[in-house]
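Visitor: Please see the structure below; I have some questions.
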Amino acid sequence: MNPNSLDRSIDRASQTMLREARSAGIETVWDRYEKQLPQCSFGQLGICCRNCNMGPCRIDPFGEGAEKGVCGATADIIVARNLLRMIAAGAAAHSDHARDAVLTFKRMCEGAAGSYNIKDEAKLYSLATEYGIPTDNRTREEVASELADSLIAEFGKQAGPICFTRRAPEARIKLWQKIGIDPRGIDREIVECMHRTHIGVDNDATHILLHGLRTSLSDGWGGSMIATEVQDVLFGTPKPVTSSVNLGVLSEGKVNILIHGHEPILSEMIVEAAEAPEILKLAEKMGAKGINIAGMCCTGNETLMRHGVPTAGNFLQQELAIITGAVEAMVVDVQCIMPALGQLTSCYHTKFISTSPKAEFPGALRMEFHEEEAFETAKKIVRAAVENFPNRNSSKVIIPAEKQACMVGFSAEAILSALGGTPEPLLDAIKSGAVKGIGAVVGCNNVKIKHNYGHVNLVKELIKNDVLVVTTGCNAIACAEAGLLSPEAAELAGPGLKAVCKALGGIPPVLHMGSCVDISRILVLTAVVAKALGVDISDLPAAGAAPEWMSEKAVSIGAYVVSSGVHTVLGTVPPVLGSETVTGLLTSGLNGVVGASFAVEPDPFKAAELMLSHIEAKRKALGLE
Ligand code: BF8
């Protein structure tokens, strides 16, 4: 096969680097994917089980061979158990991220993490009020410390409720309670997933899936929401800010440091350390014109929306950034970091620096990061990158020209403030039909879909049809690269949405709400809109999509978005087709349970049609034709 860079990505910067990779004989994720083809169809259908050592077992999808595993598990049981384990892993990833953020917050309160501070005092007090923590005649530190304890307690609760779930409309909470999926405690739900999927425990597909929904809710309205809120207290709640994205943000003359992963606990310190006068002096001594920090994936989203730090790309661009030959250090923490980076960076001068006690990578230089000496460690990391600048081989450097301006940082608070402090103008626009509805488009890249093709085309179709889009994660970066996060993109919107964007002072038709844990911001926004309209979230003219999803986190996200009442279209097929029962439940049965379900549609134009007709149907039901 002669791979064509145009088949792999719609993004021109990425195409340039893919051509460079091919001519240099460098392997990328696309090459490894092609070597995997054809992929195992038992795995694709979800009908292999490795949960005990009588197996591995697999079910014959054609009904000619084994119909059951050694223990008697059917395809329905195996598919449901495998899906539940994916949800558990995704919920665990988001929630463990949240745990680290809260523990840092607690250590800060105790004076043991001196590099951190409270940046959003108003949010601290509003969260304290939400938790019923007294604030009168108490110091800010006392309030913060009690709030930290209350947040930490959410992980180990046995009987619930998780406080932030009460932000949902009352009808939604009652529904969760009625069907037994109101989450009790974050860790409890995840542990129970692992218990239920052990051999010989939960063996009914519907029963297993309901626990999957409960676990996912402990992520969306629990772990992810806690991560978002605590990070806002520590680092500030995002407000609109302009910046730029794509591989062209790398600098020819400066030390380039890429921060990649998910936890702003690390990246915030790196951004600060790069401004330290002694480090800037060192950079000058090394012959550099300064230090250029650029983000990648969700860490990129975090620093982009809080500080306007440019972002170099999304998930499928992490290797391409290294191939520019211009990166002095790739600094990583957790999640979505390809283990392939070790071997790749060894072909260049790039230092691949791993920092999390939880995540080691082959070929990485380990510089473990602990909040007690956060700033000092960040300075050491930045210094290592600066000292690596003279090792750059300028004849090997290829930085694509593409660098797209964007406006980001639309937290729920920022959106409400753009609306004048109340959701009413948005409701009026929805009622009048100027804005037909809200599309939440999120999620990863996946080599099974041409890079950014699903994201960009789906979002363009939605805004063209007057659907206001909110975005997070790698979709947000794809949209930014395509120019959809700039106020000028309103020209691509339908007449109603275009007029609304202009009336609000020139906002983009696609609003960047942050990283993947920040999908919790989308939940908050939908709850605010539903409450203002006096309806449940499932009644809203809103739909979700993950056009290029691939991670287990995305499975948990999909489950909690649907459990919250938002119909969701997936662009890649989850490994469930081996069970008609599970597939039927996910694509239609859930409608009767939580008032929303999944659809699968890889073609972004058809996916947009599905979302638009769902939004139309909801408008009609609300009498908004
Ligand atoms: O949490 S969208 S590829 S970077 S999993 Fe990963 Fe997917 Fe990107 Fe952020 Ni989210």
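Visitor: Identify, from the list A499, A476, the residue that is within 16 Å of the ligand (Cβ to nearest atom) and either out of contact with any helix residue (DSSP H, G or I) (no Cβ under 9 Å at 6 or more places or on another chain) or in a helix (DSSP H, G or I) (or both). Working first, answer last.
Guide: Values: A499 fails: within 16 Å of the ligand (Cβ to nearest atom).
Just one listed residue meets the conditions, A476.
Visitor: What tally of residues in the stretch 117-150 results from selecting those that are within 17 Å of D232 (Cα to Cα), of a type outside the set (K, R) and in contact with an Asp or Glu (Cβ under 7 Å, 6 or more places away or on another chain)?
Guide: 2
Visitor: Another question, if that's okay. Please name all residue pairs, on different chains or six or more residues apart, with Cβ atoms under 7 Å, provided the first residue is in the stretch 99-111 and is open to solvent by 60 Å² or more (accessible area, probe 1.4 Å) and the second residue is modelled with pLDDT of 95 or more.
Guide: Correct list of pairs: R99/F155.
Visitor: Residues of the stretch 426-461 being assigned to a strand (DSSP E or B) and open to solvent by 10 Å² or more (accessible area, probe 1.4 Å), which ones?
Guide: Let us first name the residues in the stretch 426-461 that are assigned to a strand (DSSP E or B), namely 437-441, 451.
Correct list: I438, A440.
Visitor: Does the stretch 151-162 contain at least one residue that is among the polar types (S, T, N, Q), over 14 Å from E229 (Cβ atoms), at pLDDT 95 or above and open to solvent by 10 Å² or more (accessible area, probe 1.4 Å)? Explain how you work it out, then say what you get.
Guide: Restricting attention to the stretch 151-162, the residues satisfying the condition of being among the polar types (S, T, N, Q) are 158.
Now drop any that are not over 14 Å from E229 (Cβ atoms), which leaves 158.
Restricting the remaining residues to those that are at pLDDT 95 or above gives 158.
Keeping just the survivors that are open to solvent by 10 Å² or more (accessible area, probe 1.4 Å) gives 158.
Yes, some residue in the stretch 151-162 is among the polar types (S, T, N, Q), over 14 Å from E229 (Cβ atoms), at pLDDT 95 or above and open to solvent by 10 Å² or more (accessible area, probe 1.4 Å).
Visitor: Still on this structure: When you look at S150, is it of a type outside the set (A, V, I, L, M), farther than 30 Å from H211 by Cα and out of contact with any Leu (no Cβ under 7 Å at 6 or more places or on another chain), yes or no?
Guide: no
Visitor: So, one more: Report, by residue number, each residue of the stretch 302-319 that is open to solvent by 10 Å² or more (accessible area, probe 1.4 Å) and either in contact with a strand residue (DSSP E or B) (Cβ under 6 Å, 6 or more places away or on another chain) or near the ligand (Cβ under 10 Å from one of its atoms) (or both).
Guide: G308, V309, P310, F315
Visitor: Take residues that are away from the ligand (no atom under 16 Å from the Cβ) and tell me which of the strands (runs of 3 or more DSSP E) falling wholly in the stretch 510-611 contain 3 or more. Give the steps one after another, and end with the answer.
Guide: Working: elements: 510-514, 542-546, 568-570, 598-600.
Result: 598-600.
The values are calculated or read from the model by the stated rules, or taken from the named source; none is laboratory data. In this text the structure is predicted, and so the values were computed from the model without any measurement. Neighbour counts run over all protein chains shown; Cβ positions are idealised from the backbone, glycine included. Quick note on the areas: whole protein, heavy atoms, side chains included, nothing else; ligands and nucleic acids left out. Shrake-Rupley method; radii C 1.70, N 1.55, O 1.52, S 1.80 Å.
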